[in-house]
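Asks: Handing you a structure now.
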Amino acid sequence: MRRSVALSFALLLAALMAGCGRSDDASMPIRGNDISLSVIREKSYFWSDGWDLSFVMSRMPDCTRRHHVKHVGDGDFLVDVYDAGNGGWILNQGYRWYVADTASCELQQFDDKPPFPGTLVGSFVAGDGQELTFKAAPALTPAPDAAQPADPSSPATPSQ
């Protein structure tokens with residue numbers, strides 16, 4: 001009897017511990033479903049401190065590669081994504097900067113912050129206890145160009 005209770009307790013404990021990790025992911029489609037950049041964060045156990053972080057580049061059907069990067073803490077989560085042009089994306093997570101190349105599915109960490117990372121296209125975000133999502137940056141409206149000629153259909157203003 002004692003043995004069966006102990007065995008039952010051990011099996012219950014093993015079943016509970018098997019499902020106590022957590023995984024969260026979000027993707028930024030670049031060109032339809034063919035090219036994308038994703039962030040995956042995983043916590044092995046609910047009591048684990050911080051998250052294991054990975055970036056995934058996908059360019060179908062040629063490559064899909066997952067790159068494990070530095071461990072990140074708990075709390076609010078933010079990875080900004082910048083378009084560097086030519087299939088390159090600059091990722092900023094805290095004080096760490098990475099370049100992701102979707103043409104080769106490669107990732108490299110910068111030693112220092114790049115002087116101009118490119119145009120901000122969006123962010124992977126999650127508040128403490130919230131799911132990870134990708135939020136696109138608000139569309140930038142071009143500033144009027146002072147050097148552009150006036151609209152020929154508008155009436156001319158006489159000079160004084």
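The values are calculated or read from the model by the stated rules, or taken from the named source; none is laboratory data. No experiment lies behind these values; they were computed from the predicted model shown. Neighbour counts are summed over all protein chains in view; Cβ atoms, including those assigned to glycine, are modelled from backbone coordinates with ideal geometry. Please note that ligands, DNA and RNA were not included when accessible areas were found on the heavy atoms of the full protein model with its side chains. Shrake-Rupley method; radii C 1.70, N 1.55, O 1.52, S 1.80 Å.
Asks: In this structure, is residue 25 over 13 Å from residue 101 (Cα atoms), part of a strand (DSSP E or B) and not basic (Lys, Arg)?
Replies: So residue 25 fits the description; yes.
Asks: Exactly one condition in (1) open to solvent by 90 Å² or more (accessible area, probe 1.4 Å); (2) touching a strand residue (DSSP E or B) at 6+ places or on another chain (Cβ under 8 Å) is false for residue 33; which is it?
Replies: Checking residue 33 against (1) open to solvent by 90 Å² or more (accessible area, probe 1.4 Å); (2) touching a strand residue (DSSP E or B) at 6+ places or on another chain (Cβ under 8 Å), the one that fails is (2).
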